[in-house]
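The structure appears below as structure tokens.
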């Protein structure tokens, strides 16, 4: 696309779509222009001088439009838009991590078949260029793990709880009032948003696709004051951590769950709506990436970075997927966990391999012990339904 002007058909004009529009206006880009914007509700007042439509065909049938940007919430609609764009040989940028986490393998095949780019750096960590770094810089077998805080909303809530002694309910309400959390916050606080991002990151880190339903995912919505007190007594903090790691025998483990993080860890100090990603390798130890993980301008600027990359014919190459020694996904791995429970039926839910700490009082019961990832995955639906809370509790 060198020397060409990108005339963009934009789908979605929410926080990120309007953020991208403002960023482009402010930098005055001469070779990137939003020509038409497709929205769901045409009656909504928008204080911008742009051409709007509620019909996708108006964008796809416009011969001047040579680039698609998809920034909508609806994963099914996003999938239809991205697939149609690729089949029309139109390069496309997507921000929909749920859609990508479910359809990435098919979309990789479509990119190859139609020789066209799909970029989505903005889908994983807002302003942090984690995907392109994994794709380009860490494109060898030295990488051992990627872990971090991938959801700004849940991290904002936890920051308010541990720094300002807010209750969980008050911190959640503040996050909603400030626009960091949705009115229905389950996508963020129950770990699903982090899960979708982890799946995308893993494709670029290790070349392997693992479907969402195979990965243990547990959030912070069941956390209570006893759990917070326990963390404070141990001089740790809860953080909602997404984690992929290569273990013995070229196996790969993945999880999303709260972790009790000690003060000496990088992500202990990641506050508010920020994200932090720790990349670990065999010979370079740990490297830390930090930045705003949400919001119109940070994510809009990441979308613009993807758009600009397409001006130079950039594509993800998915080099690691062609590796003959692809790692194998496993849940055969043991974690030390903190588990707060209500009655013995809850305790029987998990088969602990060993228990190192056991506390029982009338209104608070917990154990610290080792349990397998397979065991956690088997009962994850029950864990969400009951009045229990579980968190990884690393030894260091």
Ordering of 299-306, 224-231 by burial proxy (mean other Cβ atoms within 10 Å per residue, highest first): 299-306, 224-231
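When only C-alpha pairs under 8 Å and at least 6 residues apart count, what is the relative contact order of the chain, in percent?
18 percent
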Relative contact order (percent, whole number), region 6-120, Cα cutoff 8 Å, 6+ residue spacing: 25 percent
Fewest-first sequence of 88, 166, 99, 257 by Cβ atoms within 10 Å of each Cβ: 88, 166, 257, 99
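For region 100-178, what's the relative contact order in percent, using C-alpha pairs closer than 8 Å and at least 6 residues apart? Display every interim value, and only then the final one.
Details: 28 pairs, mean separation 12.0, N = 79.
Rounded, it is 15 percent for region 100-178.
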With Cα atoms, 0 to 90° folded angle of helix 296-311 axis to the chain main axis: 50 degrees
Region 187-234: translational diffusion in µm²/s, Stokes-Einstein, Kirkwood Rh over Cα pairs, 37 °C, 0.692 mPa s: 263 µm²/s
Nearest-ten-degree value, helix 97-114 long axis tilted from longest Cα axis of the chain: 40 degrees
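At a Förster radius of 56 Å, what calculated FRET efficiency corresponds to the Cβ-Cβ distance of residue 163 and residue 322, to the nearest 0.05?
Numbers: r = 45 Å, r/R0 = 0.81.
For residue 163 and residue 322, the calculated efficiency is 0.80.
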Full-stretch length increase - residue 182, residue 385 - with 0.36 nm per residue and alpha-carbon distance subtracted: 71.0 nm
At q = 0.12, 0.16, 0.19 Å⁻¹, base-10 log of I(q)/I(0) for region 6-120 (Debye sum, equal scatterers on each alpha carbon): -0.39, -0.71, -1.00
Distance (nanometres) between label positions extended 7 Å along Cα→Cβ at residue 282 and residue 357: 3.6 nm
Degrees separating the helix 15-27 axis from the principal Cα axis of the chain, which is the longest one: 50 degrees
Of 118, 311, 100, the one that fluctuates the most in a GNM where the chain has Cα springs shorter than 10 Å: 311
Among 159, 123, 29, residue whose mean-square fluctuation peaks in a GNM of the chain (springs only between Cα atoms under 10 Å): 29
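If r is the Cβ-Cβ distance from residue 213 to residue 234 and R0 is 30 Å, what FRET efficiency results, to the nearest 0.05?
Values: r = 33 Å, r/R0 = 1.09.
After rounding, the FRET efficiency stands at 0.40.
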The chain - mean residue ellipticity at 222 nm from DSSP helices (-39,500 (n - 2.57) per run, n ≥ 4, rounded to 500): -10500 deg cm²/dmol
Enclosed volume per residue, in Å³, of the convex hull spanned by Cα atoms of region 60-128: 87 Å³
Burial order of peptide ranges 369-381, 351-363 (average beta-carbon count within 10 Å, highest first): 369-381, 351-363
Ranked by how many other beta carbons lie within 10 Å on average, peptides 78-86, 181-189, 385-393 from highest: 78-86, 385-393, 181-189
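FYI, it's all coordinate maths here, none of it is from the lab. Keep in mind the model is a prediction, meaning the values are calculated, not measured. Every residue, glycine among them, receives a Cβ derived from its backbone with ideal geometry; neighbour counts consider all protein chains shown.
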